[in-house]
Amino acid sequence: MKNLFMMLIVTLLLASCSTYYKTSLAGPATSTGFDELKKNNRYFILRSGTEAFTMNNISFSTDNKIMRCTLDSLPQYEHRLHLSKGHNGKMKYNKSTEEDESVVLNEVHVYVDNMGIIAAGPYTLPVDRIQKIEVLEKDITKTAKSKALGVVLGVSGSLVVLIGISAAIASSISIF
């Protein structure tokens, strides 16, 4: 009985807790800003319409008006979560199952207008074509709320089951 009760609590807690991420906008595209992000081992993704590419070897012209990089195809599974704004478009990821938190939270997405980029390789981008730069980071507040809700639901569900089992036992005792 005790093991069943504990298994129910753990199941409810795991099912109701989610880990969320959010985006913050980075400042203007400059060599200094990108160098700072590179120091933090960020993974750069160029987004153009529905296309997405890994950005490597990023450098800037001396006047910060041109960005040069090498584009490569995005890995099949890693670094694709934010392309659809997380699971079910809710900017969440499953820390304990399919996504490694360090992968999700280390991405920087550089958005440009739909420029028809069709191939990987050396790429030159005028900085004024960059629409926005998003840095992914953990949404601590939303994650904490999710975990608190999970605890409340787990305890509530367990109490309901415990009361039901107690009532069943009490009714079976009163029959004899």
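Ignoring ligands, DNA and RNA, how do ILE140, ILE130 rank by accessible area with a 1.4 Å probe, largest first?
Working: ILE140 125, ILE130 30 Å².
From most accessible down to least: ILE140, ILE130.
Set the Förster distance to 25 Å, then compute FRET efficiency between LYS90 and THR50 from the Cβ-Cβ distance, nearest 0.05.
Details: r = 20 Å, r/R0 = 0.81.
So, using R0 = 25 Å, E works out to roughly 0.75.
To the nearest 10 square angstrom, what accessible area does ARG129 show with a 1.4 Å probe?
The value for ARG129 is about 90 Å².
Give a residue-ordered list of calculated ³J(HN,Hα) values for the range 37-50 (Karplus: 6.51 cos²θ - 1.76 cosθ + 1.60, θ = phi - 60°; whole Hz; x for Gly, Pro).
5, 5, 4, 8, 6, 7, 10, 9, 10, 8, 10, 9, x, 8
How long is the gain from ILE130 to LYS39 if the chain were fully straight, where each residue apart is worth 0.36 nm and the alpha carbon distance is subtracted? The partial results should precede the final answer.
On the way: separation 91, 0.36 × 91 = 32.76 nm, distance 2.13 nm.
Contour length minus Cα-Cα distance gives 30.6 nm.
The values are calculated or read from the model by the stated rules, or taken from the named source; none is laboratory data. All figures in this text were calculated on a predicted structure; none of them were measured in a lab. Every residue, glycine as well, gets a Cβ built from its backbone with ideal geometry; the counts of neighbours run over all protein chains shown. In case anyone asks, the SASA skips ligands and DNA or RNA and just uses the protein heavy atoms, side chains included. Shrake-Rupley method; radii C 1.70, N 1.55, O 1.52, S 1.80 Å.
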